[in-house]
Amino acid sequence: MMKGKFFVLSILLTSALFTACASNKDWSKVSGSEKETEEITVAQGKLTGVISDDGSTEIFAGIPYAAPPVGNLRWKETQAALPWKETLRADHFSPIAWQKRNSGLEKWVYRNLIYHDKDGDREDYAPLSEDCLYLNIWRPAGISADEKLPVLIYIHGGSLMTGSGMYEAWDGNTFAKNGVIYVSINYRLGVFGYLALDELEKESPNGTTGNYGLLDQIEALKWVHENIASFGGDPDNITIAGESAGATSVSALCVSPLSKGLFRRAIAESSGAVTKHPPHTYRSMEQAKQMGKNILKEFKVKTVEELRKLPAEKLIKTQYRNSGITVDGYSIKERPWDTYQKGENNEEAILGGFNAREGYFFNFFGGSANKKTYESKVKAFFGDFSDQVLSLYPAKNNKEAKENWDQICGAVWFANSHHVWSELIKSQGRDAWEYYFTKENGGIGTNHSGEIIYAYGNVPKTKYYSESDHRLEETMLGYWTNFAKTGNPNGEGLPLWPRYNDTPDQVLELGEKITLVTDPHLGLYKVLDKMYN
């Protein structure tokens with residue numbers, strides 16, 4: 001197994017050396033059409049967008065929803081957007097938040113072996129900037145301001161360290177064609193979005209630190225709620241959605257008192273911070289502040305003022321991962337689990353779920369198990385509960401050990417959060433729908449994030465995807481858009497998706513077949529519940 005892996009890596013390294021990563025791809029362009037939309041008036045001024053090539057949708061890209069968080073506003077609560085005088089031409093995507101780029105080898109792997117897009121994503125070529133707080137809107141063409149269409153706001157994932165609102169996998173064009181106004185956003189990431197320090201807390205008028213990226217998301221929700229009617233959207237029918245760290249952000253928005261009343265429903269894919277002990281993308285304030293102190297030492301400075309003087313190009317090289325939201329007493333008042341126990345969460349309904357191979361990517365480089373290491377890995381994590389886990393996932397050979405460990409990690413890191421979330425919503429008498437994505441293909445398959453292109457209508461029309469992929473895409477897009485429209489994913493021509501409330505412990509399998517199945521990790525969830533009680 002290891003020889004095979006090293007052989008593959010050697011081929012990749014060799015190939016990467018001969019693969020140019022540069023491209024003439026226009027990262028910022030949103031449409032081939034030069035036709036401008038009608039003028040729209042928002043709180044800050046007037047703007048225009050562009051009409052899509054086929055004339056079916058209109059795109060407004062690079063709209064500032066907040067003041068640029070630069071200079072003295074670095075590590076400050078998000079400020080309202082500044083007004084503009086001239087009509088803003090919202091026809092190009094904005095620069096994206098500061099983040100570490102993938103290496104040449106990583107780009108080659110993603111482009112050639114996973115996504116099969118040698119030219120890469122438009123995000124790959126976007127410049128990085130602290131001036132990054134922009135959003136993009138897709139809507140059906142020709143609608144009037146009094147339409148009151150449903151709205152979906154998408155929050156990208158990337159461990160709160162990478163990503164942007166322009167990524168092609170969650171492009172909003174297909175949603176707009178299906179009658180939903182779609183909004184994607186950028187927000188501050190990594191050290192710029194989640195640094196926590198006592199000094200920052202003291203200088204804050206709200207006594208907060210550590211959740212600047214989350215505060216950006218809340219400001220974006222405020223902007224949309226205030227202005228989306230000008231685009232024909234209904235401010236009282238907004239759904240928030242996200243995957244991975246975006247789904248964790250969705251769960252944070254569901255418990256934040258600052259976002260109450262700004263949306264109605266939530267879609268969360270492959271993550272959440274609602275368990276008693278969230279496994280990732282969440283940390284205690286003590287942990288967050290300790291990392292902040294370590295960063296001060298790393299850059300040999302003693303004060304926030306000195307840290308603010310450092311250029312972004314230097315700060316982004318920090319060795320520390322600022323990749324977790326925290327209970328700051330302002331944007332998040334308490335552990336999300338406790339808010340759900342009180343029934344004080346904001347969403348009236350939830351659609352969420354997980355994929356069949358969530359853990360594979362995360363274990364590929366160094367985390368995999370074999371027959372020799374499997375038992376020790378299980379015991380190191382589960383301690384006194386190890387025998388129960390080993391009985392649920394017995395491994396007789398290397399293949400079973402590897403697959404079982406990947407499954408266990410996927411369940412602990414991602415699937416369990418959805419089971420807990422569905423149970424919490426059910427206990428409150430609110431509506432929950434839960435899925436299990438199992439559709440393999442010639443690309444990313446059922447690995448982490450594999451469902452996105454199906455749910456948002458962006459499955460590539462290439463040899464790597466078959467007619468069955470496009471049929472599933474149509475079905476999932478129908479479920480997601482119906483949920484955004486009415487709070488129920490069901491609709492004409494779609495297989496019935498029962499509420500989790502009515503079929504507890506069962507999930508809708510989205511794969512070659514669409515059918516209700518028992519959650520494959522139920523036994524492990526019970527072990528985790530015992531561990532954390």
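What to note about this one:
- Among the chymotrypsin sites (Phe, Trp or Tyr not before Pro) found in the stretch 309-368, those both in a DSSP coil and sparsely packed, with 16 or fewer other Cβ atoms within 10 Å of their Cβ, are Y320, F365.
- Taking only the C-alpha atoms of the stretch 352-412, the Rg (one decimal) and the largest Cα-Cα distance, Dmax (whole number), read 11.1, 36 Å.
- Pairs spanning more than 25 Å between alpha-carbon atoms, out of K118/K485; K402/K526; K100/K485; K396/K513; K76/K485: K118/K485; K100/K485; K396/K513; K76/K485.
- The alpha-carbon of K333 sits under 14 angstrom from the alpha-carbons of these aspartates and glutamates, leaving out residues fewer than 8 places away in its chain: E344.
- Sequence-distant residues sharing a close amide H with Y282 (under 5 Å, placed H): I325
- Summarised as an ellipsoid, the stretch 186-332 has semi-axes of 29, 17, 14 Å, derived from the eigenvalues of the Cα gyration tensor scaled by 5 and square-rooted, with the largest first.
- Each principal axis of the Cα cloud of the stretch 407-533 was taken in turn, and the coordinate range along them, longest first, works out to 48, 32, 20 Å.
- For the pair the stretch 366-441 and the stretch 192-271, the centres of their Cα atoms are 29 angstrom apart.
- Cα extents of the stretch 115-216 along the three principal axes, largest first (Å): 50, 42, 19
- Note on S427: accessible area approximately 90 square angstrom, rounded to 10, probe 1.4 Å, nucleic acids and ligands left out.
- Antiparallel DSSP beta bridges within the chain, as percent of all bridges there, nearest 5: 40 percent
- Per-bin percent of Cα-Cα distances, the stretch 50-128 [5 Å]: 3, 11, 14, 16, 17, 15, 13, 9, 3, 0
- Estimated vicinal HN-Hα couplings, Hz - the stretch 93-102 in sequence order (Karplus 6.51, -1.76, 1.60; Gly, Pro = x): 5, 8, x, 10, 4, 4, 6, 7, 7, 5
- The stretch 60-136: chymotrypsin sites (Phe, Trp or Tyr not before Pro) in DSSP coil with no more than 15 other Cβ atoms inside 10 Å: W84
- For the stretch 288-396, the set of trypsin sites (Lys or Arg not before Pro) satisfying both a DSSP loop assignment and a count of at most 16 other C-beta atoms within 10 Å is given as K300, K302, K317, R321, K333, K371, K372, K396.
- With protein chains left intact and a 1.4 Å probe, residues in the chain average 41 Å² of accessible area per residue.
- Hits among aspartates and glutamates - C-alpha to C-alpha of K309 under 20 Å, sequence gap 8 or more where chains match: E77, E130, D131, D198, E199, E201, E203, E298
- Of the Cα atoms belonging to the stretch 172-270, the radius of gyration and Dmax stand at 14.8, 48 Å.
- For the chain, a crude dipole built from +1 on the beta carbon of Lys and Arg and -1 on the beta carbon of Asp and Glu, taken about the Cα centre, is about 1900 debye to the nearest 20.
- Rg and Dmax over the alpha-carbon atoms of the stretch 316-374 stand at 18.1, 47 Å.
- Rounded percent of accessible protein surface that carbon and sulfur make up, the stretch 121-209, 1.4 Å probe: 45 percent
- Size-normalised alpha-carbon gyration radius of the stretch 419-459, reference 2.2 N^0.38 Å: 1.51
- For the chain, the alpha-carbon coordinates run over 69, 62, 58 Å along the three principal axes, in decreasing order.
- Its residues counted as N, the stretch 272-356 yields a C-alpha radius of gyration over 2.2 N^0.38 Å of 1.42.
The values are calculated or read from the model by the stated rules, or taken from the named source; none is laboratory data. All figures in this text were calculated on a predicted structure; none of them were measured in a lab. Counting neighbours? That spans all protein chains shown, and the Cβs are built from the backbone with ideal geometry, glycine included. Remember, those area values only see protein heavy atoms, side chains included, never the ligands or the DNA or RNA. Shrake-Rupley method; radii C 1.70, N 1.55, O 1.52, S 1.80 Å.
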